[in-house]
Each structure stands twice: as C-alpha cells, then as structure tokens.
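Chemist: Before anything else, here's the structure in question.
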Amino acid sequence: MNHVATELHGSTNPALPSALSHGTSIAQAGTSVSSGRAAMNLRSAEEIAAIERSGVVVAAALEAAEAAVVAGVSTAELDALVRATIVAHGAEPSFLGYPHAAGGPAFPASSCISVNNEVVHGIPGVRVLNAGDVVKIDVGARFAGWCADAAVTVRVPANTNHALDAHAADALVISNATIDAFIADAWQTLHVGISAMQPGMRWSEVAGRMQRFAVSRGHGMVDGWHGHGVGRSVHEAPQAPSTVSAGLREYRDFTLLPGMVLAIEPIVVMGAQGVIDDSGCLIPVPVSVAADRWTVAVAPGLVAAHVEHTIAVTRSGPRILTRRTGVRAGIALNDCNGGSSRLLG
Ligand code: MG
C-alpha cells in the first residue's frame, strides 16, 4: 500500500524550510535522522531481522493469493486467502481498518486488489476475474510489532489472448505475451530502483533510474502514490516516490543511510508513453479516484502494473525483506547492472 495522506500526494510545499531539504546528519542504527520534512528511523540489524519476519508473512500471503488467481475467482476470495494466511502466521493485516486520509471510510479489507486500469487501493469484493485480466495484489502485515509491505502484479492465466474488461463495449484485446512483457518491465523497474539503493545515494537518483527505465520501455508512470518508510507502522517517513518531481528535488529528497527500511513501489502504465521533461521530471499519467474513495485508476483502455518490496539499506547494499520463494514467485530477467540472469519478484 502507498502513502495515502492527501497532503502527501506529490504536491510541493513552499512552506517547508529549505534548510530541511538537503543533507542528513550522521546517525547510528536504532536512532532517527532528520532529512526532508520528517525524521526517519534507522533500524538495527535486530530490528531489520524483525521486519523481515513480517516480510515472510507478507510473502506467504501474496503467494497464497497469487496461486489462486484464476478465471472465475472473486477478489473477495483472494482477500480471504490473504487474511487467513496472515492470521495463520500469528500476524495482523495492516490494511484492514486503515483510516482514510481525507475522512472517508476506513479500508475494509486485508489486501488491496486492483484490476486492469485500476492502479492501487482497489477494494476486494464480488468482482470476478476474467482470463487475461491484470491483477495487482498489495499486502501489509504486522508481526510481533513490526510491519512489512509488498505487492505483485499477475495476469489471470489464459490459453488464448483475452479481452481486458470483456464486459465493456470497448474491450481491449492485448496478447498474453505483451501483457507478460509489460509485467516483467514493471518488475525490472522495481529492481533497477532496488539495485540503486546503496548507502550515500540520493533518493532522487533512485527514482530517476526507475522512471528512465520504464520510459525507455515505452511505458508511463503514476505519481502521487508513493513508497514510504516501514517499521513499527506500515507507513512511516520518508516518502519514497518512484518518479522525479520538482517537489521531490526541492523539499523531500534524502540520502540513503544504512538502517533505513523503505517500501518501494513503482506504478507503471501500458498504453501511455511516458515523457520526461527538460528538468528531468516525469509528466505523470493522470489518475482518478473512484466513488468508494479508495480505488485509484488510470483511464479505461490503459493497463497498470504495481509491484512493491520492503527493502533494508545495509552497509553492504540493499536487502529485500519480502522476497517470495514459491514457484511462481519470480521472473528470470537480465539484471540491468550486470547483465547476469537473476530471479526477480
Ligand atoms: Mg506500500
């Protein structure tokens, strides 16, 4: 799940003192450091291990749901699997009852499930999946007081190419191969970002690498629903957007330090070629929020992918705390940095 507070949705804040915008002070693990607009926590090795135990629960719930993604299943049934898996591990679903940032209803489910042009924060319900649909499943859990957050995007299996939103008059037929390549691009966008999460790196450079990769593949991206710190709460400072904006550069940029734990969650859109302006900022794909006050969507006919991992920044580099191990958990792709094949997702 992304940061949802309205005031955090990617707008610049001219009132923020510029002295807070750049640079961080040296701090020890287990403490906090002020950078950007809020203090962010630095976790000890023991605390990172505790977050990883929550990450194991999140990964198990995602695997259970992903394995059940078939034509004819409802999104409520997938959510029930997520909830049952989290509870079976002695953990709690972080999203259930999550308060709405603008006074709307609390989130009513244990997972966010968003289909086709829906981007994030879809509410599971009676909707039945069709072959070929592109499904985003986003899960957060709290185990022994520590949280983790991750999301996957999967195509509902189909032997032949199927129309997306088959019930719609303007149903879109996209080949399975095209959808799979798009989803693989989304995973690789995430891993381009993860690979860049070295101590000392500015976050704007991490975001810039993600957006340049997605745009190079012919895709657009959504801004305004950001990655974030994770720890005692599922959403903590700082914001960690996957695109570069003037607001990020001017007010919210920060330097990665060992002990930071961040959920990284690029949102990539097929059918809307992204544009990076002369200043290096991405022109985002427009979105709308549904009457349910939660579901975020791009225009009908576009297709969104949303993938997410919780990552610890360590002295030896980034560490994925929500890695899945199941047979459907990864896609073999070339590592952008080294060209070697590795498992993504
Ligand atoms: Mg998240």
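The values are calculated or read from the model by the stated rules, or taken from the named source; none is laboratory data. Bear in mind the structure is a predicted one, so any value in this text is a computation, not a measurement. Note that we place each Cβ from the backbone using ideal geometry, even for glycine, and neighbour counts take in every protein chain shown.
Chemist: Return a yes/no flag: does region 90-111 have any residue that is in a strand (DSSP E or B), within 16 Å of the ligand (Cβ to nearest atom), touching a Phe, Trp or Tyr at 6+ places or on another chain (Cβ under 7 Å) and within 19 Å of HIS306 (Cα to Cα).
Modeler: There is at least one residue in region 90-111 that is in a strand (DSSP E or B), within 16 Å of the ligand (Cβ to nearest atom), touching a Phe, Trp or Tyr at 6+ places or on another chain (Cβ under 7 Å) and within 19 Å of HIS306 (Cα to Cα).
Chemist: Against the condition of a type in the set (Val, Ile, Thr), assigned to a loop (DSSP other than H, G, I, E, B) and surrounded by 20 or more Cβ atoms within 10 Å (Cβ to Cβ), how does VAL244 come out, does it pass?
Modeler: So VAL244 fits the description; yes.
Chemist: Quickly run through region 144-165 and pick out the residues that are surrounded by fewer than 21 Cβ atoms within 10 Å (Cβ to Cβ) and more than 25 Å from GLY218 (Cα to Cα).
Modeler: If the condition is that a residue be surrounded by fewer than 21 Cβ atoms within 10 Å (Cβ to Cβ) and more than 25 Å from GLY218 (Cα to Cα), then ALA144, GLY145, ASN159 are the ones that fit.
Chemist: While we're on this one: Which numbered condition in (1) surrounded by 13 or more Cβ atoms within 10 Å (Cβ to Cβ); (2) at pLDDT 95 or above; (3) away from the ligand (no atom under 16 Å from the Cβ) is the only one that SER288 fails?
Modeler: Looking at each condition in turn, SER288 falls short on (1).
Chemist: Check whether at least one residue in region 144-155 is in a strand (DSSP E or B), of a type in the set (Phe, Trp, Tyr) and within 16 Å of the ligand (Cβ to nearest atom), and report yes or no.
Modeler: Yes, the conditions are met somewhere in region 144-155.
Chemist: Which one of these is more than 16 Å from the ligand (Cβ to nearest atom) and under 20 Å from GLY301 (Cβ atoms): GLY218, GLY200, GLY247, GLY208?
Modeler: Details: GLY200 fails: under 20 Å from GLY301 (Cβ atoms); GLY247 fails: under 20 Å from GLY301 (Cβ atoms); GLY208 fails: under 20 Å from GLY301 (Cβ atoms).
That would be GLY218, the only listed residue that is more than 16 Å from the ligand (Cβ to nearest atom) and under 20 Å from GLY301 (Cβ atoms).
Chemist: State whether one or more residues within region 319-326 are small (Gly, Ala, Ser), assigned to a loop (DSSP other than H, G, I, E, B), at pLDDT below 95 and away from the ligand (no atom under 16 Å from the Cβ).
Modeler: As a first pass, look at region 319-326 and keep what is small (Gly, Ala, Ser): 326.
Imposing the further condition that a residue be assigned to a loop (DSSP other than H, G, I, E, B) reduces the set to 326.
Narrowing further to those that are at pLDDT below 95: 326.
Checking the rest, the ones that are also away from the ligand (no atom under 16 Å from the Cβ) come to 326.
Checked against the condition, which is being small (Gly, Ala, Ser), assigned to a loop (DSSP other than H, G, I, E, B), at pLDDT below 95 and away from the ligand (no atom under 16 Å from the Cβ), region 319-326 yields at least one hit.
Chemist: Got at least one residue in region 242-265 being in contact (Cβ under 8 Å) with a residue 12 or more places away in the chain, at positive phi and out of contact with any Lys or Arg (no Cβ under 7 Å at 6 or more places or on another chain)?
Modeler: Looking through region 242-265, none of the residues is in contact (Cβ under 8 Å) with a residue 12 or more places away in the chain, at positive phi and out of contact with any Lys or Arg (no Cβ under 7 Å at 6 or more places or on another chain).
Chemist: Based on what the data block shows, is GLY132 more than 18 Å from ALA263 (Cα to Cα) and either free of Cβ contacts under 8 Å to residues at least 24 places away in the same chain or more than 16 Å from the ligand (Cβ to nearest atom) (or both)?
Modeler: So GLY132 passes the test.
Chemist: Identify, by number, the condition in (1) of a type in the set (Gly, Ala, Ser); (2) within 15 Å of the ligand (Cβ to nearest atom); (3) in a loop (DSSP other than H, G, I, E, B) that ALA272 doesn't meet.
Modeler: It is condition (2) that ALA272 fails.
Chemist: Name, by its number, the condition in (1) at pLDDT 95 or above; (2) of a type in the set (A, V, I, L, M); (3) more than 16 Å from the ligand (Cβ to nearest atom); (4) crowded, with 18+ Cβ neighbours inside 10 Å that does not hold for ILE174.
Modeler: Failed condition: (1).
Chemist: Output the residues belonging to region 247-261 that are farther than 15 Å from ARG209 by Cβ and buried (at least 24 other Cβ atoms within 10 Å of the Cβ).
Modeler: Listed by number, the residues that qualify are ARG252, PHE254, GLY259, MET260, VAL261.
Chemist: Could you look through region 62-85, keep only residues that are of a type outside the set (A, V, I, L, M, F, W, C) and touching a Leu at 6+ places or on another chain (Cβ under 8 Å), and pick out the one that is farthest from VAL128 (Cα to Cα)?
Modeler: Among those residues, the one meeting the criterion is ARG83.
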